[in-house]
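Here is the structure we will look at, set down as structure tokens.
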Amino acid sequence: MASWKRDFASGLIVLVPILITLYAIYWLYGLVAGLTPGLILKPEALTAFIGGQSEQAVQTREQVAQFLRVIVALTVFIILTFSVGYLMRTTVGGLVERLVDNVANRVPVIRVVYNASKMAAETAFGEQESLQKPVKLETWQGLRMTAFKTGKVTSDGREVLFLPTSPNITTGYVIEVESDRITELDEDVEDALTRVLSAGFGDANRRGMDAGVSIDVIDEAKTTGSDDD
């Protein structure tokens with residue numbers, strides 16, 4: 001009994017992350033494919049490569065055309081992203097950014113969405129190290145909690161921290177704490193996130209089957225029998 005339970009648990013540990021990753025890739029592909037216009041490439045343009053008028057041939061041409069449209073859309077997006085990023089390093093880029101900010105902030109509903117999405121993008125992809133600095137926070141009765149600096153300071157000098165919940169780090173609390181109650185950690189953000197995401201069981205220095213809690217199963221029947229002897 002102990003052997004098959006361990007094998008099943010070991011298989012789940014390997015397969016579940018793979019299946020979740022594949023599903024995320026499939027979902028993103030479907031999202032991009034749905035947003036990609038058909039004007040980029042029509043299935044009829046592939047008739048010279050995939051001939052025939054059968055239902056299978058028509059479906060194959062449509063699938064190949066859709067895949068090529070996704071590749072083209074991603075390529076254009078990557079080139080556009082690099083181009084805009086390069087432009088932002090120039091004086092013209094700064095002027096354009098301020099112009100867009102001013103226009104977006106004049107529209108009531110758009111202003112909220114624009115500022116929230118911009119702040120989220122700056123937090124996720126920004127180069128400020130303070131946004132990715134894990135710290136320990138002294139709470140009550142000697143307890144400590146893992147939090148992350150946001151790089152913001154209040155008017156009275158308190159540090160603004162994000163205190164994530166576990167294991168769902170997309171929710172949490174924005175707290176203002178005095179600097180003497182914060183202990184900076186000598187670890188990467190990945191290490192701290194691993195600890196929070198795994199509810200304290202994970203170890204960033206161990207991967208695969210060696211990470212997390214032990215899945216050894218003790219056969220109760222054998223244990224009982226040995227105790228009787």
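The values are calculated or read from the model by the stated rules, or taken from the named source; none is laboratory data. Being a predicted model, the structure only gives us computed values, none of them experimental. Methodologically, a virtual Cβ is constructed for each residue, glycine included, from the backbone with ideal geometry; neighbour enumeration extends over all protein chains shown.
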Of those in segment 153-192 that are touching a residue at least 40 places away in the same chain (Cβ under 8 Å) and aliphatic (A, V, I, L, M), the residue surrounded by the most Cβ atoms within 10 Å (Cβ to Cβ) is Ala192
Conditions first: (1) modelled with pLDDT of 80 or more; (2) in a loop (DSSP other than H, G, I, E, B); (3) among the hydroxyl-bearing types (Ser, Thr, Tyr). Ser214 passes all but one, so which condition is the exception?
(1)
State the number of residues belonging to segment 150-163 that are in a strand (DSSP E or B) and modelled with pLDDT of 85 or more.
6
Tally up the residues in segment 1-36 that are touching a residue at least 12 places away in the same chain (Cβ under 8 Å) and within 30 Å of Val64 (Cβ to Cβ), please.
5
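Please enumerate the residues belonging to segment 67-85 that are of a type in the set (A, V, I, L, M) and free of Cβ contacts under 8 Å to residues at least 24 places away in the same chain.
In the first step, residues of segment 67-85 are kept if they are of a type in the set (A, V, I, L, M); the result is 68, 70-74, 76, 78-80, 84.
Within segment 67-85, Ile71, Val76, Ile78, Ile79, Leu80, Val84 meet the criteria.
Before we move on, is Ile71 surrounded by fewer than 10 Cβ atoms within 10 Å (Cβ to Cβ), of a type in the set (A, V, I, L, M), modelled with pLDDT of 85 or more and part of a helix (DSSP H, G or I)? Working first, answer last.
Details: surrounded by fewer than 10 Cβ atoms within 10 Å (Cβ to Cβ): no; of a type in the set (A, V, I, L, M): yes; modelled with pLDDT of 85 or more: yes; part of a helix (DSSP H, G or I): yes.
No, not satisfied.
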Could you list, in sequence order, the residues of segment 41-66 that are among the polar types (S, T, N, Q), in contact (Cβ under 8 Å) with a residue 12 or more places away in the chain and part of a helix (DSSP H, G or I)?
Gln66
Give the residue that is nearest to the chain's Cα centre (by Cα), with candidates limited to residues of segment 1-40 that are surrounded by 10 or more Cβ atoms within 10 Å (Cβ to Cβ) and part of a loop (DSSP other than H, G, I, E, B).
Thr36
